[in-house]
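Input: a single structure, listed below in structure tokens.
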Amino acid sequence: MHVTKILSVLFLLLLGLLSACSKDESSSSAGAKSAPAEVSAGEEIYKKNCKVCHAQSINGAPIPGNKSMWEPRAQKGVDVLVQHASEGFGLMPPKGGNVDLTESELRQAIEYMIAQMQ
Amino acid sequence: MKHIIKALFFSSIILSLNGCGEGEQKAGIDPKIYTDSLFAVMKADRTNYTKLIIKRLGPAGADKIKPNEHWEDLPEGAPLPAQMFRAGAEAVTELTDKFTYSLQSTWPINSQNAPKTPMEKEGLEFIAANPGENFYGEEKLGDVTYFTAVYPDVAVSDACTICHNEHKDSPRTDFKVGEVMGGVVIRVPL
């Protein structure tokens, strides 16, 4: 009886350790099962036009989600950022090089990038 | 029965000490973090050279220097940002063999800057097809296995596209601002 109890405790301990080891795997497979998030228009515009520089901070382009890069820019207000993006600012070329982008599309992309701070 | 208890007991101890076998993987710096960090420094230096020297003192600013491909032939000539970047890569090659980096392209003006290994070619093709993404892989060259990272090099101004599109040795003449023109290949021996 005593031996059975010890065996049970050790077995549970092993089980616990093994399940802790497989924690990452199970959480990633759970993530894979979840439905893909809906892509906003702003994100779509960002991916097609802005990501090539902004994801890498090419020529200092602020990276979405990087608070220290975006906070001082966001404080200027979206209207100012749209104007900068439209006309070019610092090392950023006008409209990132895509002259077909409208101010409304620039606004959506900027709002998407600002939203990544949260 | 005692043997079973002992086996279970020691298995538990070994598992808990081993940390699920992660101990070995966590030793040293992850090569991806290492190459990402190196690239961050390279990017920052290149951006600062472009902004603080070329833009400030060049034709768009005080007009005191002449950024030009043939800068050595001009009294006020200054190397283009890409040339400055290459000069850094060459200096690092003399300094250390712990890592190398180079600016390459599948459409190089100078054929020496074309990819040389299958992984470099794969990486450059990947970053061109996936703007904003990096490429990471491992390749064996000789007896050494390397971690190879490829980061995008983007046409950030008309100066980049005009120079590449109009250069007599350029194999491609339709680059647009915002396109991936090539990549920075960083290689670290594992």
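Step through the table entries B:Lys98/B:Lys121; B:Lys32/B:Lys121; A:Lys76/B:Lys64, compare each Cα-Cα distance with 27 Å, and write down the pairs that go over it.
The pairs that break the limit, which is 27 Å between Cα atoms, are A:Lys76/B:Lys64.
Lys and Arg at +1, Asp and Glu at -1: add these up for the other residues within a Cβ distance under 12 Å of B:Gly178 and post the number.
+1
Taking chain B as the reference, fit the longest principal axis to its C-alpha atoms, fit the long axis of helix B:118-129 to the helix C-alpha atoms, and give the angle between the two in degrees, 0 to 90, nearest 10.
Orientation of helix B:118-129: about 70 degrees from the principal axis.
Partner chain Cβ atoms within 10 Å, averaged over the residues of B:174-180 - can you pull that number for me?
Partner-chain Cβ atoms within 10 Å, mean over residues of B:174-180: 4.
How big is the dipole moment of region A:41-115 about its Cα centre under a simple scheme where the beta carbon of each Lys and Arg is +1, that of each Asp and Glu is -1, and everything else is neutral? Debye, nearest 20, please.
240
Given the peptides A:105-111, B:133-139, arrange them by the average over their residues of other C-beta atoms within 10 Å, most packed first.
Going from most to least packed, we get A:105-111, B:133-139.
Which shape class, rounded, prolate or oblate, goes with region B:76-167 when its Cα gyration tensor gives a ≥ b ≥ c as root eigenvalues, a/c under 1.5 marks rounded, and past that a/b bigger than b/c marks prolate?
The shape class here is oblate.
Tally Lys/Arg at +1 and Asp/Glu at -1 over every other residue whose Cβ is under 15 Å from the Cβ of B:Phe147; what's the total?
Details: positive: B:Lys32, B:Lys98, B:Lys140, B:Arg187; negative: B:Asp30, B:Asp36, B:Asp97, B:Glu120, B:Glu122, B:Glu138, B:Glu139.
Counting the neighbours of B:Phe147, the net charge comes to -3.
Any idea what the relative contact order of chain B is, in percent, if you count C-alpha pairs under 8 Å spaced at least 6 apart? Spell out each step's value before the answer.
Working: 250 pairs, mean separation 34.1, N = 190.
Here the relative contact order equals 18 percent.
Out of residues 5 or more away from A:Ile63 or on other chains, whose amide H comes under 5 Å of its own, with H placed 1.01 Å from N in the peptide plane?
For A:Ile63, no residues qualify.
Within 11 Å, Cβ to Cβ, of B:Gly77, how many net charges do the neighbouring residues add up to if Lys/Arg are +1 and Asp/Glu are -1?
Around B:Gly77, the charge tally is -3.
Quick check on region A:41-115: take the gyration tensor over C-alpha atoms, sort the square-rooted eigenvalues as a ≥ b ≥ c, and tell me if it's rounded (a/c under 1.5), prolate or oblate. Write out the running numbers ahead of the final one.
Values: a/c = 1.22, a/b = 1.18, b/c = 1.03.
It comes out rounded by the Cα gyration axes.
Quick check: convex hull over the Cα atoms of region B:35-101, volume per residue in Å³, rounded to an integer?
Each residue corresponds to 81 Å³ of Cα convex hull volume.
For peptide B:56-69, compute the average count of partner chain beta-carbon atoms within 10 Å of each residue's beta-carbon.
Average per residue, whole number: 0.
Under a straight-distance cross-link criterion of Cα-Cα below 16 Å, which aspartates and glutamates are reachable from B:Lys168, leaving out those fewer than 8 residues away in the same chain?
B:Glu69
What does the average come to when, for each residue of peptide A:89-95, you count the partner chain Cβ atoms lying within 10 Å of its Cβ?
Average neighbour count from other chains, rounded to a whole number: 3.
Since every read-out is calculated from the coordinates, none of them should be taken as a lab result. Because the structure is predicted, anything quoted here is derived from the model rather than measured. Virtual Cβ from ideal backbone geometry, glycine too; neighbours counted across all protein chains shown.
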